[in-house]
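Take a look at the structure set out below.
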């Protein structure tokens, strides 16, 4: 267990940084969904290394191949398997790690769990594992859009961006920020001034053999009301699990989050006001969920990513044999994962939403009580 | 879906604040586990209303009855069903809510999802739903202890407490804080000074028809290394889902959390140092999980609870018919959920851990490679 | 694991023959379904002991109580918990079984699995466990009917009956047999002559301290085409699991079944012929499923039940201590489970169908390709 | 949903007869299991077409590639993805089927479910889908063997064979039959005389444009006692689902099966007798399961396969447009699936058993009561 996510739109990812390839099998894509490989490739390009000087310079071109489940550009209803071949292995680059536990990396815990570890490239903890998620997320987005189109409603719009790097915080209007602004800068921060400062900070970190963390913020617009459940499968609970399942994450908050704990109930409650489309909330401290269920307001949440564990500065650690030693990692690594984390957050959000949408019983399934 | 939690230790909760009762069915309790109803009752008493003047004064004595799965004080391996009868209904107390959507409460979202809502007591969103979780959590704790005892290892120790109420923050040494200190004060804050300030703040909030939020912090000691998984079922991801599935939660962080995003990699990485029991970390920014898997260090996490939505001050809202109106809630409500949230956090932690422990393949399952 | 069934209409049964009671929690009943406790009680009465001289004379009146999830006669969308209290315990009746493994009963295997066993009444293997299934099945039937009514289509009609007892076979026209004919005779065999012969055979078996087995046959009419899946979750695979999960079952066949293995492809294939409602099959050797998916024809299947293991004749067996001994069971037992198995087969069929119906994506979810 | 099987050893199959390839992702292979690709290939060779003149002559060499989860011949604990490329497409061979529903084939039901169908090669209903199952089954067998080896117990031995073709029945001693005898003849029937008669019958059927069905019988030796559960996840229920999920299956029976319904309880009950290893049964009408749980005796079951639907004789059917027509299938098809079904039954058996073994809590987990 552990590599399967979702109930009705169920994905199984596979693959490590070294070996035949990485990918995903998606079970539950509704038949007749249009599936555009270019769009999947576009999302993969957003997450791939080497896309800018801010991220790792490893060359991973990451071309996706569809193995099954698609016929003439449409989902057949069968599982869709997507494969991206590995290349640029250079596994010799990992020889110096063979006998050393990297601080704050997965390899010690792996050894404890599995009784062995894959040293090269981080094994299953490699960021390459997220290729399968991002590819599946692209299909999830297509399903959400096409279901909305069929229903004649506005399509779900998932927009996430780099909200902070270390102590540099972006100032962004969540109500209007659009993906074009985010993609306009390699940091994926739509606040131009903050983006410039982040760039400088990240380049300095790289130069110094150090790394930086930060936060990604997300807004989801046109979320149908009624997604989620009052108890375990609360929409925010499933989002929290999805986000904390991404590598390097340390926190999740929805709506007012931790800051909301400093407000009183009178300040925090979102008053309902009438509107043409029915009751809406005047504020959105709830972040679009109430009682675990979407209320039609924008979903708002934030995810914390720690600074990358792999750095080239020397650090104290211990060998596999239990001796104290010092390690300075070699190889090409991200000094800051945040820009590449944005498409991962987008993808996981889409995966959570599509699963809840498919699970949702149509409101008109049974007649009103009266 | 939505009321089932866990894979190998699987609980199904049921019940609303009004009706025959609330409870839980637990499938997967290992046969021969000693099950002590007094201990379950003790945990329920920690979460019940009326236990101090800081919480709601509703009288819910909440006596638990075991319906099945226990024979002569031991689990038989069959599902254990636990039932707590409802009483003290006073459903007339909810008449004034029949036609009004309460701000930041679940009822509007319910209406959108289910096409109807249970007004009395919040239906399924009632805090009474957590009775089933707390009862199941008490059994999960017993399983964890008895498995450790059989294995000859130190028992998992789950300790959580009220870490802040609004802006009053406790100063607690996570390495030594013990449950007795926490239970010594009705706030469940083990910092005596902070506890006093919290008490005053909560009483003021009640008097003013207002409410307060805060955070619960948890430490788990003696966690076996190797729990969790590298991808979706990361230990912190399952904890995040568990915590965000509790009513009124808005955030979760593990280890350094959001504050960790302001550190550099060099500051944040936990150096390994040799010890008699093998490599340990000198610091614990990781919070006990690396690569999604427990590393043997203390688990550390924090959960944000918003101020209670139900307050007696007047607030703007909208009627079911769509008209603007004003609502001042009647009835007896918690001005601050934090003290009663502590046993809920304990229970959900135990439920996550026991499921991962049972899922874990014993290290000696297959011989070492080499 | 082991006591949960279904994905979107998920039931957790609990309870043994001795203890507080037996019941079920059902998660996934669509909100606003009308739920009629009298109907649930009616199905329970069909399975209860003592209903005729053909079945065990234990007095179990089995009144069902709804604990949650129902408001004013309708499902709220929350889990529905149903409880039937145990009574008439007479556990002393089991004293003679304390140290003996009953032949072909569960107690030896229990000992191997759980390291202990509940002697009284068979523990979890008691036929009383099926109370939860039958109660849940009655709600499943109501959901199926009401969904069909909302859609304007003919309601799914599940009809099963005793098809054979030992070598006495009923001659029944599956196209027209109706539940009233089945309920008209205590054997639940609608062939009057066969029913009379079965009655005599069962009464003889009881007199002789022996027991009989037989088969239940089922037809399901108005099954929507498109239920099921091509691979693991084939409709017949889920029916097979459901039926083999009932106590005392030894076999399942759909459509032509084992007899169909003696036909050639030319004889066995069901030719399509045009009809006003589209293509239909001229024969139905397929039993209503093709490629794992319902094709709109009647579902046809058959289930084998072995003769009851508990008999009052003396049999060779072994004590818990490993000594050869002889056992003649005391107490009141069914000489033939078949009449009481019929409502169980009905219930499991309804549970499988409702889960597949809820899982089904509406055909109009996405536009046609072309 | 529908293409995922298992809980702790969870497989996701993908792929159709035409397209990039078919395969499987296996989540839950215990780390350090030796994985031998030659053995997987060997099992695939047993199921592939063209292996004898008795089966379809399509050329599918079916070389398996491991994409992930294996390092230096051992499972790493990460998902194992296995891929077999498609070739020899000849999709023009299916042009004559574009507008016609094949009798007793999946395409009409697909149209009803998905609103479209993949004509070429049967899409997801292609026997090629079973490649993923057979490959996963080979790994499941390796896990079962190595767990037994570690535990010092005799390895689980799964042996299945062709028991009948049409009315030709094999006479086989289930206690001693071995795989070598089965593999010695292309029919996979270890009774030499019956095998010869089956060969003639199958060759005649092919010549006449017809097809034959039959049964596969299986014995599993050295099954640990205690696998299964008393209620839904009974061992025989999971086997029934597994077998009925194979293409062309119409029935399943365990132990005495349908024939057992003609015995009395006194005849059918399996008397316990003392043995050196504890109580064993003198007969095995139970088929190795009692109360849903393995009792240590051989597992015995039988599976019915209908005659292949695709035949070259002319048959009545209906066009997609609803007009009556006649169809004579072209292409190369199996006149009898039985010989190739044997490795599929082996594989599904291994998948069910390994999942139950991993789910099983070790008996020594908790101390004995008393």
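The values are calculated or read from the model by the stated rules, or taken from the named source; none is laboratory data. Quantities reported herein were computed from a predicted structural model and do not represent experimental measurements. Don't worry about glycine lacking a Cβ; one is built from the backbone with ideal geometry, like all the others, and counts go over all protein chains shown.
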Report whether or not residue A:3 is crowded, with 24+ Cβ neighbours inside 10 Å and under 25 Å from residue A:74 (Cβ atoms). no
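Assess whether residue C:360 counts as being under 30 Å from residue A:73 (Cα atoms) and surrounded by fewer than 20 Cβ atoms within 10 Å (Cβ to Cβ).
Criteria met by residue C:360.
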Among (1) over 22 Å from the mean Cα position of the chain (by Cα); (2) not in a loop (DSSP other than H, G, I, E, B), the one test that residue A:301 misses: (1)
Within region D:321-340, track down each residue that is within 9 Å of another protein chain (Cβ to nearest Cβ) and either assigned to a loop (DSSP other than H, G, I, E, B) or at pLDDT below 90 (or both). D:322, D:323, D:335
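Kindly establish whether residue D:167 is modelled with pLDDT of 95 or more, within 14 Å of chain C (Cβ to nearest Cβ), surrounded by fewer than 15 Cβ atoms within 10 Å (Cβ to Cβ) and in contact with a helix residue (DSSP H, G or I) (Cβ under 9 Å, 6 or more places away or on another chain).
Against the criterion (modelled with pLDDT of 95 or more, within 14 Å of chain C (Cβ to nearest Cβ), surrounded by fewer than 15 Cβ atoms within 10 Å (Cβ to Cβ) and in contact with a helix residue (DSSP H, G or I) (Cβ under 9 Å, 6 or more places away or on another chain)), residue D:167 qualifies.
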Working only within region D:244-263, note down all residues that are in contact with a helix residue (DSSP H, G or I) (Cβ under 7 Å, 6 or more places away or on another chain) and closer than 24 Å to residue C:307 by Cβ. D:252, D:254, D:256, D:260
Give the residue that is modelled with the lowest pLDDT, with candidates limited to residues of region C:106-143 that are crowded, with 24+ Cβ neighbours inside 10 Å and in a loop (DSSP other than H, G, I, E, B). C:118
Hey, residue B:202 hits all of (1) more than 8 Å from chain A (Cβ to nearest Cβ); (2) crowded, with 24+ Cβ neighbours inside 10 Å; (3) not in a helix (DSSP H, G or I) but one; which does it fall short on? (3)
How about region C:38-49: which of its residues are surrounded by 16 or more Cβ atoms within 10 Å (Cβ to Cβ) and farther than 14 Å from residue C:132 by Cα? C:49
Filter region C:234-244 down to the residues that are closer than 29 Å to residue C:152 by Cα and in contact (Cβ under 8 Å) with a residue 60 or more places away in the chain and list them by number. C:235, C:236, C:238, C:239, C:242
What are the residues in region C:205-230 that are touching a helix residue (DSSP H, G or I) at 6+ places or on another chain (Cβ under 6 Å) and part of a loop (DSSP other than H, G, I, E, B), if any? C:210, C:211, C:213, C:225, C:226, C:227, C:230
Residues that are within 14 Å of chain D (Cβ to nearest Cβ): list the strands (runs of 3 or more DSSP E) wholly contained in region C:1-81 that include at least 1 such residues. C:10-14, C:21-27
Taking into account only those residues within region B:144-164 that are in contact with a strand residue (DSSP E or B) (Cβ under 8 Å, 6 or more places away or on another chain) and within 14 Å of chain A (Cβ to nearest Cβ), which is surrounded by the most Cβ atoms within 10 Å (Cβ to Cβ)? B:162
Within the bounds of region D:218-229, is there any residue that is within 14 Å of chain C (Cβ to nearest Cβ), in contact (Cβ under 8 Å) with a residue 24 or more places away in the chain and more than 26 Å from residue D:355 (Cα to Cα)? no
Within region A:150-180, residues within 25 Å of residue A:42 (Cα to Cα) and free of Cβ contacts under 8 Å to residues at least 12 places away in the same chain come out as A:150, A:176, A:180
Please work out if residue B:356 is in contact (Cβ under 8 Å) with a residue 12 or more places away in the chain and in contact with a helix residue (DSSP H, G or I) (Cβ under 7 Å, 6 or more places away or on another chain). yes
Looking only at region C:234-280, filter to residues that are more than 7 Å from every other protein chain (Cβ to nearest Cβ) and surrounded by fewer than 24 Cβ atoms within 10 Å (Cβ to Cβ); which one of those is nearest to the chain's Cα centre (by Cα)? C:247
I'm told residue A:303 meets every condition in (1) facing chain B (nearest Cβ under 7 Å); (2) more than 12 Å from residue B:104 (Cβ to Cβ); (3) surrounded by 24 or more Cβ atoms within 10 Å (Cβ to Cβ); (4) in contact with a strand residue (DSSP E or B) (Cβ under 7 Å, 6 or more places away or on another chain) except one. Can you identify the failing condition by its number? (1)
